1. Return the distance in nm (one decimal) between the two label points of a simple spin-label model at Thr37 and Gln84, each offset 7 Å from Cα along Cα→Cβ.
2. Count the lysine pairs in the stretch 18-121 that are 8 or more places apart or on different chains: how many have C-alpha atoms under 15 angstrom apart?
3. Which FRET efficiency value, to the nearest 0.05, do you get for Gln23 and Lys63 by plugging their Cβ-Cβ distance into 1/(1 + (r/R0)^6) with R0 = 35 Å?
4. Work through the residues other than Thr37 whose Cβ is under 12 Å from its Cβ and net out their charges, Lys, Arg +1 and Asp, Glu -1.
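Please treat every number below as a calculation from the coordinates, not as lab data. Source: prediction; values computed, not measured. Cβ coordinates were reconstructed from backbone atoms using ideal geometry, including for glycine residues, and neighbour counts include every protein chain displayed.
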Amino acid sequence: MGKGMRAGKKPKNRQGGGDMQKQLKQLQAMQAEMEQTQAELEKKEVTTTAGGGAIEVTVNGKKEITKLTIDKDVVDPDDVEMLQDLVMAAVNEAMRQIAELEESEMNKITGGFGGMGGFGF
């Protein structure tokens, strides 16, 4: 037995399991809310343009392109690189906006706490 301990006595500075249970329930509630928010985000869409509207791209919350519109005036067989650049610019901007929307919605739940990854969220 340790110094100052008597048989049958419990240590005084023992935290109850209630705090841990409360924290676990809070984390589980947060996880459920995050899953619901993620499902809602998957249904959202953002639309961006490039080249003054010559290219229009719509991306959903699953980061899938759902619509791509290319103005026929921008299609020049002698300048395919410009068309490729415009498509990439529009797609990249749409992906950036979806990621920003996702981060904003998740920060509402986590309060910006970035350490949730260790909990499997």
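1. So the label points at Thr37 and Gln84 sit 3.9 nm apart.
2. Final tally of qualifying lysine pairs is 6.
3. E(calc), rounded to 0.05, equals 0.60.
4. That sum, taken over residues with Cβ under 12 Å, equals -4.
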